[in-house]
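Input: a single structure, listed below in structure tokens.
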Amino acid sequence: MELHQLRYFCAVADAGSFSRAAEKCHVSQPSLSQQIQKLESELGGRLFDRLGRSVRLTDLGGAFLPRARSVLHELSSAKDELSERLQSDAGPVVVGAIPTVAPYWLASRLAAFSRKFPKVHLTIAEEITPVLLDRLRAGSVDLAVLALPIRGHEFDSHPLFSERLFAALPRKHKLSRRPSLQLADLRRDPFLFLRDGHCFRETAVAACDRARLDPRVVFESGHLSSLLAMVGAGMGVSLVPEMAVDKSRPCRFVRIADPQAQRTIAAVVLRGRTLNRGSRALLSHLC
């Protein structure tokens, strides 16, 4: 049973004539008649009595007509709903972000996006990179803001910006007044690092490796704010991204002289996934 057969059937029932129905449906009368006959054959009975130039519904046709109209109405309603959804910004968007980005760079941008697109229902998931990549694969996160590089060829990355790394030092540290420093200058200092699993830890370790520095890690945390509080208390030194530099903290921030001591932040989506209008708007807003 084909949808066009249902349309032809309803048209004939409305017009009371094969010729007028064919004209309304913009098809030839023989073609329309053939499709009605195929429908009757499939249903196992005649839908119309042919009475000269007019037609009349049989009992079978009368019983089938409201069902056919209902199917066509549901189809039309579904098409209208989908068309409206394609044109509308309304709908849910789940955006993921790593903890070293969410409270610093992302928060104000999401607030501005919500003011611009009030019908988009944003949900923010703050997690470490491996968890966010798994959620992108599962479809429970639409877009994630991560540090490159990422593992996996099934993602599309849209670089947003790059930022330098800074050393966070206690205020009384002998190097705290310098405009920049080499990581090797901190060889004798105890280090405070993010825990394993945080991509920024990998960035910090890579910077230390380039400086041939084996950091003596005395404290680990899942939050930069905790590291900075410990630095301010004189527990040691740490490395932070530029966006986390906060002069109101009880510590000093000194740029790392290594030009490779930086990271690139990107918006990441699952390759091949069709984003809704709200997700596409958010991607454009961030880029």
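The values are calculated or read from the model by the stated rules, or taken from the named source; none is laboratory data. Remember, predicted model here, so these are calculated numbers, not experimental data. No Cβ is skipped: glycine too gets one built from the backbone with ideal geometry, and neighbour counts run over all protein chains shown.
Across the range 68-97, what is the number of residues that are modelled with pLDDT of 90 or more and loosely packed, with under 10 Cβ neighbours inside 10 Å?
0
For the range 184-287, list the helices (runs of 4 or more DSSP H) that sit wholly inside it and hold at least 3 residues that are surrounded by fewer than 16 Cβ atoms within 10 Å (Cβ to Cβ); which are they?
199-210
Name the pairs: first residue in the range 22-46 and touching a residue at least 12 places away in the same chain (Cβ under 8 Å), second residue among the basic types (K, R) and part of a helix (DSSP H, G or I), Cβ to Cβ under 7 Å, at least 6 apart or on different chains?
Within 7 Å, the pairs are C25/R7.
For the range 1-21, give me the residue count where each residue is touching a residue at least 24 places away in the same chain (Cβ under 8 Å) and over 17 Å from V71 (Cα atoms).
Count: 4.
Within the range 162-177, count every residue that is within 13 Å of C251 (Cα to Cα) and surrounded by 13 or more Cβ atoms within 10 Å (Cβ to Cβ).
9
Output the residues belonging to the range 246-270 that are within 30 Å of V94 (Cβ to Cβ) and in contact (Cβ under 8 Å) with a residue 24 or more places away in the chain.
Q262, R263, T264, I265, A266, A267, V268, V269, L270
Regarding the range 8-31, can at least one residue be identified that is outside the structural domain of L122 (by TED's automatic domain parsing), in contact with a strand residue (DSSP E or B) (Cβ under 6 Å, 6 or more places away or on another chain) and in a strand (DSSP E or B)?
Looking through the range 8-31, none of the residues is outside the structural domain of L122 (by TED's automatic domain parsing), in contact with a strand residue (DSSP E or B) (Cβ under 6 Å, 6 or more places away or on another chain) and in a strand (DSSP E or B).
Residue-by-condition table, conditions (1) under 30 Å from G91 (Cα atoms); (2) touching a Lys or Arg at 6+ places or on another chain (Cβ under 6 Å); (3) charged (D, E, K, R):
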| site | (1), (2), (3) |
| --- | --- |
| V131 | yes, no, no |
| D134 | yes, no, yes |
| A144 | yes, no, no |
| H158 | yes, no, no |
| G197 | no, no, no |
| E202 | no, no, yes |
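Restricting the first residue to the range 188-210 and requiring it to be on the phi < 0 side of the Ramachandran plot, which pairs with a second residue that is among the small types (G, A, S) and assigned to a helix (DSSP H, G or I) meet a Cβ separation below 9 Å and a spacing of at least six or different chains?
Final answer for the pair search is F191/A204; L192/S226; F193/A204; L194/A204.
Please find, within the range 130-161, the residue that is surrounded by the most Cβ atoms within 10 Å (Cβ to Cβ) out of those that are charged (D, E, K, R) and not in a strand (DSSP E or B).
Going through the qualifying residues, I end up with D142.
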